[in-house]
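Beneath this line is the structure, given in structure tokens, with notes to follow.
Every number here is computed from the coordinates shown, using simple stated rules; none is lab data. Here the structure is a predicted model, which means the values were calculated and not measured. Cβ: placed from backbone, ideal geometry, glycine included. Neighbour counts: every protein chain shown.
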There are 2 protein chains.
Amino acid sequence: MDQFLQAALDEAKQGYSEGGIPIGSVLVHNGKIIGRGHNKRVQEGSVVLHGEMDALENAGRQPASVYQECVLYTTLSPCPMCTGTMLLYGIPKVVIGENRTFMGEEELLRSRGVTVEVADNDECYQLMQKFIQEKPALWNEDIGV
Amino acid sequence: MDQFLQAALDEAKQGYSEGGIPIGSVLVHNGKIIGRGHNKRVQEGSVVLHGEMDALENAGRQPASVYQECVLYTTLSPCPMCTGTMLLYGIPKVVIGENRTFMGEEELLRSRGVTVEVADNDECYQLMQKFIQEKPALWNEDIGV
């Protein structure tokens, strides 16, 4: 597996071990991880810190010129919030672990010129399937259902 | 002025008094404010806590059924991130103080069935104009420019 997708999956696994929603993300600039994170709904009672948002928050305040050279890695297809955040900051590329569990706003991203790559990684998928079987209500809350 | 837009403007003014970006928001459910907030880029070094996001975060974890009965008030037209967050949680209506300073994703919101009302309030506008004149680089950072 790609080393950065692996890092995102490691974040997802950490979230799972904390009793949280196992979605992880890393923000990569010029081949280096500048922010990493995972969904914090359970751990921090946060409704905005999805994995991608947590990675961006942990990267701290960056100039637009940095975001415009970044790739965001995420274990799951990005929801409308995380999609909009990528559009706000002009992140040009996203690598997605899988979109079988949840199909996010990939079409909107593409329509705005963002490069979308889907790895269809089975480990990302199996982790989400296990979690959803265990805590379906928590998962629904996270995607506004 | 509408009492809820006034509450959002009060949040924006508080942000300004803290040296921050003066954009405020309140989340209203059945005629009652359940979350209020303002942009925290300066105060908390946050890249995700725009006014709308801060209001949602401060409302805490809510079931989808609550979000679907809410109105979000914001002093400025919502950026792609805040727009995506409204779409994620199914918030059906947004009342916007002004969109002369910044035109957000109002068309995307409308295309997804969200009711968009623009108050074109001059006090919201003048506060942003004063801020941008004082701190143009900070403003550009907040909108990814």
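A few comments on the model shown:
- Other residues within the sphere of radius under 14 Å centred on the Cβ of residue B:103, judged by their own Cβ, net out at -3 (K and R +1, D and E -1).
- Residue among A:102, B:99, B:143 farthest towards the positive dipole end of the protein assembly as shown, charges placed on Cβ: B:143
- Rounded if a/c under 1.5, otherwise prolate or oblate - the stretch A:45-114, Cα gyration tensor axes: oblate
- Nearest chain B C-beta to the B/A rotation axis, reported as residue and distance in angstrom, is B:84, 1.
- Each residue, residue B:1 and residue B:126, gets one label point 7 Å from its Cα in the Cβ direction; the gap between the two is 1.0 nm.
- Per-residue shielding of B:83-96, expressed as the average number of other chain Cβ atoms within 10 Å of the residue Cβ, stands at 5.
- Among the GluC sites (Glu not before Pro) found in the stretch B:1-71, those both in a DSSP coil and sparsely packed, with 15 or fewer other Cβ atoms within 10 Å of their Cβ, are B:18, B:69.
- Reciprocal mean inverse distance between Cα atoms of the stretch B:25-71 - Kirkwood radius, Å: 10.8 Å
- Every helix of 4 or more DSSP H residues in chain A counts as -39500 (n - 2.57), and over all residues that averages to -13000 deg cm²/dmol at 222 nm.
- Charge context of residue A:17, other residues only, Cβ under 12 angstrom, K/R +1, D/E -1: -2
- Cα-centred dipole magnitude for the stretch B:45-145, charges only on beta-carbon of K, R (+1) and D, E (-1), debye, nearest 20: 220 debye
- Magnitude of the charge dipole for the protein assembly as shown, about its Cα centre and with charges confined to Cβ atoms of Lys, Arg (+1) and Asp, Glu (-1), is about 140 debye.
- Dipole of the stretch B:3-135 computed with +1 at Lys/Arg Cβ and -1 at Asp/Glu Cβ about the Cα centre; of B:45, B:116, B:14, farthest Cα towards the positive end is B:45.
- Unsatisfied cross-links (Cα-Cα over 23 Å) in the set B:32/B:130; A:13/A:135; A:93/B:40; A:40/B:135: B:32/B:130; A:93/B:40; A:40/B:135
- Using Cβ point charges alone (K and R +1, D and E -1), the dipole size of the stretch A:1-87 about the Cα centre works out to roughly 60 debye.
- Summing Lys and Arg as +1 and Asp and Glu as -1 over all other residues whose Cβ lies under 14 Å from the Cβ of residue A:71 gives a net charge of -1.
- Distant-in-sequence amide contacts of residue B:34, defined by a placed amide H-H separation under 5 Å and a gap of 5 or more residues or a different chain, comprise B:27, B:28, B:29.
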